[in-house]
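Report on the following structure.
Every read-out reported here was derived from the displayed coordinates using simple, explicitly stated rules and does not represent laboratory data. It should be emphasised that the depicted structure is a prediction, and the values quoted were computed from it without experimental measurement. Note: ideal-geometry Cβ built from the backbone for every residue, glycine included; neighbour counts use all protein chains shown.
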Amino acid sequence: MSATDKINDIVIVGGGSAGWMTAAMLAKQLEANVNITLVESDDIGTIGVGEATIPPIKAFNRLLGIDENDFLKKCNGSIKLGISFENWSQKNHSYFHPFGRFAVDFDYMPFGYFWNKQRESGNAKPLQEYASAWHLAKHDKFSLPTNDPKSLFSGFDYAYHFDSSLYANYLKEYATKRGVIRQEGKINHVSTHANNGFIRSVTLASGQVINGDFFIDCSGGSALLINKTLGVKFIDWSEHLLCNRAIAVQTKHVKPISPYTRSIAGEAGWQWRIPLQTRMGNGFVHSSHFIEEQQAIDKLVDSVDGELLTDPRVINFKVGRREKFWYKNCVAIGLSSGFLEPLESTSLHLIQRAIMRLIYLFPNKHCDEINTRFYNKQSIEEYEHIRNFIILHYKATQRDDSEFWRYCQHMQVPDSLQQQIELFATHGHLDLNGKDLFKQDNWLAVLTGQGIHPKSVAPIMAYKQKIDLPRTLNSFYDMMTKTVQQMPNHEDYLRKKCNFSLK
Ligand SMILES: Cc1cc2nc3c(=O)[nH]c(=O)nc-3n(C[C@H](O)[C@H](O)[C@H](O)COP(=O)(O)OP(=O)(O)OC[C@H]3O[C@@H](n4cnc5c(N)ncnc54)[C@H](O)[C@@H]3O)c2cc1C
């Protein structure tokens, strides 16, 4: 590559989680060999929600060299071991989607095959009770996974709950220390090159012009570059994912700080409970076609525990994705690129994946179309995989107590999801690709939690006669129950690791 082809000036538009995660990682990965300017507008602000994450965020922070305890302390963080889904398959029924694996895969077979066999004989405990993350969560305990591969506590995983605005600030400090220039101001004009339509510069309301070779659109829902400038359309998925509005409110803690998120289904959507160190995040994600805004606010306010710390905030959103994530010399990251509702806390993860993919496929000034097409292909596959997993929670319900759930139960789902459900419902097999975010045990947790079970166990199990299954499964359960008693509770863990003092 000639020196004239090399990208020298990168402009990131937007300073929400997407903007600052991108700025921090580019500053680290491109070292000091490029100029990075991030433009954000104090008047417009950020969406300011996004408090629950999934385990790969740890790798992102580690790559930045962030100290976990310092991060937890400064971002009001707590530990997340999974999600408790309540009233989803039926009212008064709950299941846990744990991070990490169930017990262990043995005899070269997934654990689910054995559990299904035991379940068919009528002697299995609920699936979650074979997950060490569930045992910890049930008792509000936490300790890091052990490095001993023989231990059942080596296979669980964890993520964080945190204040996303504090996380953005944390990364802002990180990025600006490494040379990223922060420019405050509202962009009111974007110019493009006449010959190829590539973006040339953005102009702030003050008249200041910022030129760039490469632009990253982190402007949130306004999609200032990718849509308003380059005209890339949005593909709407609201046919399968009905929710389009959320109410968010913060409350004081009244109970111990649990190391998991709660997702509680209601008549027209679901509520989240996300415990941070100093407060609880609460929200109600719902469909405006099935409940009025004021009624939704009242429902949330009436059902939260603890004193309100903020007024309820209404957030409208659209689910779907951009037709292209990278077009010409612009990549959209974060809400400008698409949105999937926060049921499985995947948005920050999609940001993280987009950043790492961009670094891997980092272009020269010409932004070769073959490279760009590959980026888009991978991004689309990833979005669709996560979309299917989220739709599954709605489709596989037995609830018929409201118009919302009746619609969900009977709606058409994408063929790829329908085939997955049918495959599992036959013998418990799953069609997964090594790159997929949600693995065998994630699908197993949600499919069975939502009430879908194989009609008969995997036929291979008829040949597996040597294993004393009841004894083996009971020994897993007993070992987990015993070990968890010796673990510290979650609040003590936070107190010790990040000087957190509970009020
Ligand atoms: C209800 C809800 C709950 C969510 N919960 C979770 C969760 O639990 N976990 C999770 O991972 N994700 C969650 N998300 C998603 C998460 O909030 C977003 O993915 C994340 O915050 C990224 O937002 P962003 O940076 O793309 O956009 P924003 O935060 O909206 O930032 C946009 C930036 O662009 C700037 N900007 C826009 N226009 C201009 C302009 N003209 N000039 C200059 N600057 C401009 C703004 O000032 C701002 O800095 C949730 C989302 C919603 C709606």
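Here are a few things to note about the model shown:
- In the chain, the DSSP-assigned H stretches of four residues or longer account for a calculated mean residue ellipticity at 222 nm of -10500 deg cm²/dmol, using -39500 (n - 2.57) per stretch and the full residue count as denominator.
- Remark: region 245-316 carries a charge dipole of roughly 360 debye about the Cα centre, counting +1 on each Lys and Arg Cβ and -1 on each Asp and Glu Cβ.
- Of F404, Q378, W272, farthest towards positive along the dipole that unit charges on Lys, Arg, Asp, Glu beta carbons give the chain: Q378
- Beta bridges per DSSP with both ends in the chain, % antiparallel, nearest 5: 70
- Ellipsoid equivalent to the chain - semi-axes via the Cα gyration tensor, in Å: 39, 25, 24
- Leading residue at positive end of dipole, the chain (Cβ point charges), from Q294, F234, G122: G122
- A Förster radius of 25 Å combined with the Cβ-Cβ distance from A3 to S191 puts the calculated FRET efficiency at roughly 0.50.
- Between S456 and S416, the simple spin-label model (points 7 angstrom out along Cα→Cβ) gives 3.1 nm.
- Proximity of backbone amide H atoms, modeled 1.01 Å from N, is registered between G82 and F99, T261 at under 5 Å, excluding neighbours fewer than 5 places apart on the same chain.
- For region 245-316, with +1 on Lys and Arg beta carbons and -1 on Asp and Glu, the positive-most of T261, V285, T310 along the dipole: T261
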